[in-house]
Structures are given as C-alpha cells and as structure tokens.
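What follows is a short report on a single structure.
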Amino acid sequence: MGRFFALLAIALCAARGWAQQDQAKWHLLIEPQFMHPEVSMPISGAESTVLVPGYIDENGDPQYFTKKDWDGQKLTWDTFKDRAVQNATQKKFHADLIRDVHKVVQYADITSEDPLTATMILSPDFLKKFKDIFGPTVLVAVPNRFTVFVFPALASDYQEFAPMILRAYQDSAWPVSLEVFQVSDAGIKAIGTFEND
C-alpha cells in the first residue's frame, strides 16, 4: 500500500511538472493579493489585486507557479506574458449587453463556468469586441474568476452598480477584486474601488 501511494505521488508530481512546461497551458491570472502568490506582478494603481503567472492543471483548474518552479523555468515576465496573452486570445467569450429602459447599453456581462473568464480582459481581442459599443477605453470589474462586467469609460456612473459587484464578489468561492480597472491599448490600471453606500 505504501508503494502505491509513493507511485501515485510521483505520477502527480510528473503530471504537475508537465503542465508547467506546456506553454499552451500558461495563463496570466488576475488574483487577490490575500491569496499570497509566491510570484506576482503588480497592476498599476491596484492595492489588492495582482497578476500571477499560472497554468492549467490536468483537472482544468488554474494553479499558481511556485517561486521554485518559476525560477526553474528561467522565465522573464515579458516572455511569459507574451505567451499567456496569446493563450488568452485563443479563448472565446460571450457578452450579454444589459440595456436600460431606453435601450441604451449600460454594461456588458461576461459570465461563464470557465475559471479563466477573468483573464479575458488581458487579451487584445477583448477591447476589439467592445470598441464599437463603448469606445477604445473601458472600465472593468472582475468580482470573481467567472465574472467580468464591462462599463463605458465615458459618461459612466459605475458606482451605481456597486451592490451587484459586491454580491458577485461575496457570493463566490473564488473572489478576485472590488477594484475598478481601466483597460485600454496602453494596458490595465486600477482607478478606484466599488464601495457600499
């Protein structure tokens, strides 16, 4: 029995190592700082959210690189980011446009069972999808791994949607952030926080 568990542990370690070496499984995760990832990159202006190099394991779940694994791969942030963004671009997503009584689009709701849903905002295709609706710059909320809300950057009172964002954050087993992010061709930066009235 002891030998069985030893072999199982070796197999799991081998599978984990393979996943980390497979560049097609690399992803730049948007994660809460309170998860204390061993390797992370700050987001401009953010106080509680970071970018974390990760990969998808054999069960389809996102995992963080440990410092040892990251150092062992001898990667630079630019190299990893370029490949991770390319991987994010290959993922497709559907956005529901939420309109007011006058049929004006208030925001877009991207919700799916894919734990990489939040990573979509790092893909160049993300802005392309919303350019005709909201313009070249958008505001984004990422309350959990499975949900992204997109708001117009201009003439947007995004704080009125704070209760919705707080609910999506608090009701999730995988909360991400209550910060508001501006996404443009220049990249991503935090510009505020959703708060209770």
Please verify whether Ala118 is under 20 Å from Phe194 (Cβ atoms), surrounded by 16 or more Cβ atoms within 10 Å (Cβ to Cβ) and under 12 Å from the mean Cα position of the chain (by Cα), treating the condition exactly as stated. yes
Would you tally the residues in the range 48-90 being within 19 Å of Ile188 (Cβ to Cβ) and charged (D, E, K, R)? 4
Here are Ala190, Ala118, Ala141: which of them is touching a Lys or Arg at 6+ places or on another chain (Cβ under 7 Å) and within 15 Å of Val50 (Cα to Cα)? Ala118
Conditions: (1) at pLDDT 95 or above; (2) within 13 Å of the chain's Cα centre (by Cα). Val85 meets all but one. Number of the miss? (1)
Looking at the range 52-83 only, could you name the residues that are in a loop (DSSP other than H, G, I, E, B) and of a type in the set (Asp, Glu)? Asp57, Glu58, Asp61
Of the residues Thr76, Thr49, Thr89, only one is at negative phi, exposed (fewer than 13 other Cβ atoms within 10 Å of the Cβ) and of a type in the set (Val, Ile, Thr); which? Thr76
Counting only residues that are closer than 13 Å to Ile30 by Cα and hydroxyl-bearing (Ser, Thr, Tyr), how many does the range 172-186 have? 1
Does Gln86 satisfy the condition of being assigned to a helix (DSSP H, G or I) and either over 21 Å from Thr117 (Cα atoms) or among the polar types (S, T, N, Q) (or both)? yes
Considering the range 139-194, residues that are of a type in the set (S, T, N, Q) and closer than 17 Å to Phe34 by Cβ, and then whichever is surrounded by the fewest Cβ atoms within 10 Å (Cβ to Cβ), we arrive at Gln170
Unmet requirement for Ala168, which otherwise passes all of (1) farther than 15 Å from Asp109 by Cβ; (2) touching a Pro at 6+ places or on another chain (Cβ under 6 Å): (1)
Residue selected from the range 21-44 under the condition among the hydrophobic types (A, V, I, L, M, F, W, C) and in a loop (DSSP other than H, G, I, E, B), by the criterion nearest to Leu178 (Cα to Cα): Ile43
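The values are calculated or read from the model by the stated rules, or taken from the named source; none is laboratory data. On a predicted model such as this, the values are computed, not experimentally measured, just so you know. All Cβ positions, glycine included, derive from the backbone under ideal geometry; neighbour counts span all protein chains shown.
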